[in-house]
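Structure first, then comments.
The values are calculated or read from the model by the stated rules, or taken from the named source; none is laboratory data. Because the structure is a prediction, the values reported are computed rather than measured. Note that we place each Cβ from the backbone using ideal geometry, even for glycine, and neighbour counts take in every protein chain shown.
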Amino acid sequence: MKLKFWLRWSYRDAREHWLQVLAIALILALGTGVYSGFGKQKEWRIESLDKSFAMLAMYDLHMELTDGSYLEGPALEAALAHIEGVAMVETRLLVPTLIDASKGGETILYPGRLVGLDLSNGGPHINKLNITEGARLSEADINSNRVVIDHLFTSYRKLSPGDTVKIAGDFELDFVGRGQTPENLMIMPGTGGFMENENTFAIMYMSRASVQRLSGRAGLVNDVVFLFNKNTDPDAVIAEINKVMAANFADTGFNLTKKTDDKVYNAMYTDARGDQRFWNIIAGLFLFGAAMATFNLAGRIVESQRRQIGIGMALGVKRPLLALRPILLGLQIALIGTIFGLAVGYIFSQAIAGIFDDFYPLPYWRNPFFIESYINASIVGLIVPVVATLFPVWRAVRVQPIDAIQTGYLVAKGGGLSYLMEYVPVPGKSYMQMPFRNILRSPWRSLLTMLGVSIAIMLLIAMSGILDTFQRTIHQGSDFYIKSQPNRLNVVLDTFYPINSERISQIQALEQDGQPLFSKVDVGLIMVGEYVNHDDEEMLAVIDLFDPETALWQPTLKEGQLPDGQRGIVISEKAADDLGVEVGDTVRVALPIREGLLSYRMEETDIPVVGIHDNPLRMQAYMSLNQADLMNMQGLANTLTLYPAKGVTTEEMRRVMFAQPGVASVQLVSDIASSFEEAIEIFNVVMMMIQGVVVILAFLIAFNSTSINVDERVREIATMFAFGLPIRTVIRMQVVENLITGLIGTILGVLFGYFAIVWMVKGQVADMIPDIQFDIHIALATFVTASVLGIVVVGLTPLLSIRKFLRMDIPSTLRVME
Amino acid sequence: MITLEHVSKKYAMGAVTVTALNDVSLCIKEGEFVVVLGPSGSGKTTLLNMVSALDIPTSGKITVAGKDITAMSRMKQFDFRRNTVSFIFQSFNLFPSLTAEENVQFVLDMYAHRSNQPRAQAVLESVGLGLRYKHFPHELSGGEQQRVAIARALATGNPVLLADEPTGELDFKTGVQILHLLMAQAGNGRTVLVVTHNREISRIADRVIELSSGEIVRDGAPEAGKAPIADLHW
Ligand SMILES: Nc1ncnc2c1ncn2[C@@H]1O[C@H](COP(=O)(O)OP(=O)(O)OP(=O)(O)O)[C@@H](O)[C@H]1O
Ligand SMILES: [Mg+2]
């Protein structure tokens, strides 16, 4: 047979159904595109990290002098200059400070750190400063007050170069740029201030000489970075450094960290590997939904040609040839779909790379791997439409040709399940019963339509639902902290002080303009321990001890009560689940027991669980202060909760507290609340980005499923017109039919979607982010969107056919006995 | 050429069973021009469907061109329909998205390996549609569509030609023209089975089989002997 003939025929098929072909192709494109944009995340992120860390000359070894120790820069450099295997050494001066970038009535006052870099000879050459906005620092800045401030802090606080920035001592700096060095891509416990995150801790880069001048430490340094020659054994270098240091600076303590032990460096790689699973799920769900929809819709077009397949059978056309026309149609869909998919994939992969660039401003964030996942996805994209079109052929050749011809497409012999109508009383004229009859008469077609709608709704519910769940968790977490007493300040002291010590009573008595600053000060203890489960596995427990009798702010409980005189701990729901305990059970906790002035030993203790609190953070736990004896801490405190006096603002309290000795951290509860958002921010942002796509995809699927349904009825509709039934009535019948189909499809979709969320949240996310409790939540808005799409849009689809009906050439539609 | 032995076709519709054919036995020789006559609902189309292996009888045995089509595999049935019978449907069953010419070309292409193939246009000309070959079915009248269907069947060149009401939609003049063509096929050695409820047409047949309620009520030469086609009028 001539290929040209078949191509022409199949092109006519595509043209006849062009709207559907295009829509299916788009569905396929979104599916394959999103899949390829999300896929291979691990690969491209790791490649980007490798390249970026290389471009920024990430150190091989990092030396930090013990807090408070400083050495003469030239002397230290000279001593370390000739160590075997070391290619380059640079010294730096790191100084804690405060940043005050308040503007426009908003107080931006946070702890921070000045990082003095060696700018000589175009430096720094190790851990280079990657500028994301504004000017870079050059040799000319060696004695200037120009400063580059951390990208993330400035982006969260909306600061840009040129804004006024002061540091401790009310000294104004010239804020010229934003940027980061690789060791500061994120703030992790131990890399920033105590209990700080990227939004509450500002790292500021200046010239080393300037920092020395500003801090009054001329010539001194306290931080060294090393670059090795190729194939250097870090342990040999470390041994050598230890020797050199002992010989030259015996009194100075220091810490050495290999690149591979760097917390930030490791976290970047761990995240890249760990996150992949989540994105695979999202990408897979997209592709799955799009593939199912394509299968359904492409198959339906061919189903509508079932009669013609029957004719072909009657003419004795061989089965492979019978399948050729549908295959060619499927191929057209596949081709358009995968070509669009390439574009969608490109846009998505770049958008995601862009999001990562925002979060972790590395010099190289590129995703060339989307091509690879695109190839995987396009295999699915090419196969599914073709298989989908074969399925109806397979269905048709199983029956006698006469059945395929006579029964017309899809209409089951003998009227399908119409007999059920006898049990369903539907009032009204016969043509008002028609929608119900239509649904029952061809159960297969009705089922396909309902499934089409349900796939759309499933995608919508699953994708929006996971975002809803994330946002609910963020809100729940932040509500926990700020619902009551939002103006309080949490202060962590630098060590343990007797509750009645002078330090604490001085703080309690602080004044402003002769008036007391605080209306109340609650003392407490914060202790870090570990839960121990039956298998002796440990997980972090951060225990706040406070006085339930007097404390103004108290944790909200889901269950049980606060410890009241007796032994007892209030733990999180997640911890309770993970440990398999309930209120009334006991939980084993490893607690630090104070032995000497500042020495501890860990000891496991069984404590009754008296309550479950409402904080999604697993590690958070509460006990009453009178149980401090468990840890041999009775009468001591290391945290203060400060409540402002009348007329005092939180900012005023913070300014005063930052200036107080013995204060390790001063935290706004709103900043603590925002840490939830931090934990899942990337997921959150990307999910928000694909929300729109999900809605479009769902719309396309739902709309198509039903418009195919209307198209298949076109002959029947022409007959009704021929009998003078007004368009209004015909449309109404179609609307009713679609409403019923849409309603059932939506209900199915919501169910499928809910199962998908349960699987994702409880099975996957719970594994990936074990330290946060996620309660499945589907927002009302999501249900409304789903219902609007699945019921209203689907129900109103026939209205779009009005024009087609008005222009319908009734005789010619009826004339063809196709 | 065509043998039916005790062929019955029953449709079970819930409690009611419709007997479309009831214990029909007959034998048609090669090259015979047979007219099947009967009122509406008497089982004519059903009979043709069985002979062309479009459907299977409830019971009985059908042999066409020496092949037992009731015992055939599905695969063999495809071959049989392709190589042995051509069907002209009562409801035409053209491919709506193919032009008249392409509908004919479609079957011609299936036999591309056969020699002496006519051209699609020539076949259309022989049914009087020479000028309409570029038109799609929905642009043709019922009668024109029917002629395309006939052209398609003629183009196959299969030894058995089955026509279900081939003149039903046609005016007298065109009807006669078509009958001419069909008779000529019988003259060429093809076996032709024409179904009609038009008693007039039966006058030109070699043999007339009359059906009523699914049973053969008469079988033999036309009552007044075989008439020449020129004698027909309706
Ligand atoms: N698929 C079917 N299901 C049930 N009954 C059927 C089916 N097909 C045919 N019949 C019945 O079988 C009988 C014979 O039908 P058939 O189509 O053979 O009649 P016919 O002689 O061709 O009539 P006409 O001249 O009107 O075309 C009729 O009573 C018809 O109702
Ligand atoms: Mg008939």
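Among B:Leu94, B:Leu98, B:Leu108, which is facing chain A (nearest Cβ under 8 Å) and touching a residue at least 40 places away in the same chain (Cβ under 8 Å)?
Working: B:Leu98 fails: touching a residue at least 40 places away in the same chain (Cβ under 8 Å); B:Leu108 fails: facing chain A (nearest Cβ under 8 Å).
Criteria check complete, one pass: B:Leu94.
Looking at segment B:63-80, which of the residues that are within 14 Å of chain A (Cβ to nearest Cβ) and not in a helix (DSSP H, G or I) is nearest to ligand 1 (Cβ to nearest atom)?
Among those residues, the one meeting the criterion is B:Val64.
Does B:Asp171 qualify as being more than 16 Å from ligand 1 (Cβ to nearest atom) and in contact with a helix residue (DSSP H, G or I) (Cβ under 8 Å, 6 or more places away or on another chain)?
yes
If a residue has to be closer than 30 Å to A:Gln276 by Cα, charged (D, E, K, R) and surrounded by fewer than 17 Cβ atoms within 10 Å (Cβ to Cβ) to count, how many in segment A:44-73 make the cut?
Matching residues across segment A:44-73 total 2.
Table: residues versus (1) part of a loop (DSSP other than H, G, I, E, B); (2) over 32 Å from the mean Cα position of the chain (by Cα); (3) outside the structural domain of A:Ser160 (by TED's automatic domain parsing); (4) buried (at least 16 other Cβ atoms within 10 Å of the Cβ).
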site	(1), (2), (3), (4)
A:Glu196	yes, no, no, yes
A:Phe226	no, yes, no, yes
A:Glu240	no, yes, no, yes
A:Met245	no, yes, no, yes
A:Ala272	no, no, yes, yes
A:Phe278	no, no, yes, yes
A:Ala291	no, no, yes, yes
A:Asn296	no, no, yes, yes
A:Gly299	no, yes, yes, yes
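What residue, of A:Ile99, A:Ile83, is out of contact with any Cys (no Cβ under 7 Å at 6 or more places or on another chain) and more than 25 Å from A:Pro234 (Cβ to Cβ)?
Sole residue among the options that is out of contact with any Cys (no Cβ under 7 Å at 6 or more places or on another chain) and more than 25 Å from A:Pro234 (Cβ to Cβ): A:Ile99.
Say we look at segment B:127-159 and pick out the residues that are under 15 Å from the mean Cα position of the chain (by Cα) and within 11 Å of chain A (Cβ to nearest Cβ); which of these is nearest to B:Ala230 (Cα to Cα)?
The first filter runs over segment B:127-159 and keeps only residues under 15 Å from the mean Cα position of the chain (by Cα), leaving B:146-159.
From what is left, the residues that are within 11 Å of chain A (Cβ to nearest Cβ) are B:146, B:149, B:152-153, B:155-156, B:158.
Working: B:Gln146: 22, B:Ala149: 24, B:Arg152: 26, B:Ala153: 24, B:Ala155: 26, B:Thr156: 28, B:Asn158: 27 Å.
Filtering first and then ranking leaves B:Gln146.
Scan segment B:31-53 for residues that are over 12 Å from the mean Cα position of the chain (by Cα), more than 9 Å from ligand 2 (Cβ to nearest atom) and within 14 Å of chain A (Cβ to nearest Cβ) and jot them down.
The answer is B:Ala53, and nothing else.
Report, by residue number, each residue of segment A:571-619 that is among the charged types (D, E, K, R), in a strand (DSSP E or B) and more than 21 Å from A:Phe496 (Cβ to Cβ). Walk me through it before giving the result.
Initially, segment A:571-619 is screened for residues among the charged types (D, E, K, R), giving A:573-574, A:577-578, A:582, A:585, A:588, A:594-595, A:601, A:603-604, A:606, A:614, A:618.
Still in the list and also in a strand (DSSP E or B): A:585, A:588, A:594, A:601, A:603-604, A:606.
Result: A:Asp585, A:Arg588, A:Glu604, A:Asp606.
From the list B:Asn93, B:Asn49, exactly one residue is at positive phi and within 16 Å of ligand 1 (Cβ to nearest atom). Which is it? Steps first, please.
Working: B:Asn49 fails: at positive phi.
Of the residues listed, the single one that is at positive phi and within 16 Å of ligand 1 (Cβ to nearest atom) is B:Asn93.
Limited to segment A:504-562, what total is found for residues that are among the basic types (Lys, Arg) and under 29 Å from the mean Cα position of the chain (by Cα)?
1
Quick one: B:Lys61 ticks every box in (1) farther than 28 Å from B:Ile178 by Cα; (2) within 16 Å of ligand 2 (Cβ to nearest atom); (3) among the basic types (Lys, Arg) except a single one, so which number is it?
So B:Lys61 meets the others, but not (2).
Mind checking which residues of segment A:760-776 are of a type in the set (A, V, I, L, M, F, W, C) and assigned to a helix (DSSP H, G or I)?
A:Met760, A:Val761, A:Val765, A:Ala766, A:Met768, listed by residue number.
Mind listing whichever residues of segment B:12-38 are within 12 Å of ligand 1 (Cβ to nearest atom) and either touching a strand residue (DSSP E or B) at 6+ places or on another chain (Cβ under 7 Å) or among the hydroxyl-bearing types (Ser, Thr, Tyr) (or both)?
Step one: filter segment B:12-38 for residues within 12 Å of ligand 1 (Cβ to nearest atom), giving B:12-14, B:16-22, B:24, B:36-38.
B:Thr17, B:Val18, B:Thr19, B:Ala20, B:Leu21, B:Asn22, B:Val24, B:Val36, B:Leu37, B:Gly38 - these are the residues of segment B:12-38 that are within 12 Å of ligand 1 (Cβ to nearest atom) and either touching a strand residue (DSSP E or B) at 6+ places or on another chain (Cβ under 7 Å) or among the hydroxyl-bearing types (Ser, Thr, Tyr) (or both).
Given the criteria buried (at least 20 other Cβ atoms within 10 Å of the Cβ), in contact (Cβ under 8 Å) with a residue 60 or more places away in the chain and more than 14 Å from chain B (Cβ to nearest Cβ), does A:Thr257 qualify?
no
If B:Val104 passes every condition in (1) buried (at least 18 other Cβ atoms within 10 Å of the Cβ); (2) more than 14 Å from ligand 2 (Cβ to nearest atom); (3) in a strand (DSSP E or B) but one, which one does it miss?
(3)
Going by the structure shown, is B:Leu162 within 16 Å of ligand 1 (Cβ to nearest atom), at pLDDT 90 or above, within 13 Å of chain A (Cβ to nearest Cβ) and under 13 Å from the mean Cα position of the chain (by Cα)?
Yes; evaluated as a whole, the condition is true for this residue.
Quick test for you: out of B:Lys44, B:Lys9, pick the one residue that is farther than 19 Å from B:Val194 by Cα, within 16 Å of ligand 1 (Cβ to nearest atom), touching a strand residue (DSSP E or B) at 6+ places or on another chain (Cβ under 6 Å) and in contact (Cβ under 8 Å) with a residue 40 or more places away in the chain. Before the answer, list the steps.
Working: B:Lys44 fails: farther than 19 Å from B:Val194 by Cα.
The match here is B:Lys9.
Hey, can you tell me all the residues within segment B:1-18 that are buried (at least 16 other Cβ atoms within 10 Å of the Cβ) and within 16 Å of ligand 2 (Cβ to nearest atom)?
B:Lys9
Looking at (1) assigned to a helix (DSSP H, G or I); (2) under 30 Å from B:Lys76 (Cβ atoms); (3) within 14 Å of chain B (Cβ to nearest Cβ), can you tell me which one A:Gly316 breaks?
Here A:Gly316 clears every test but (1).
Pick out, from segment B:116-220, the strands (runs of 3 or more DSSP E) lying fully within it that include 2 or more residues that are crowded, with 23+ Cβ neighbours inside 10 Å and within 16 Å of ligand 2 (Cβ to nearest atom).
B:160-164, B:191-196, B:207-212
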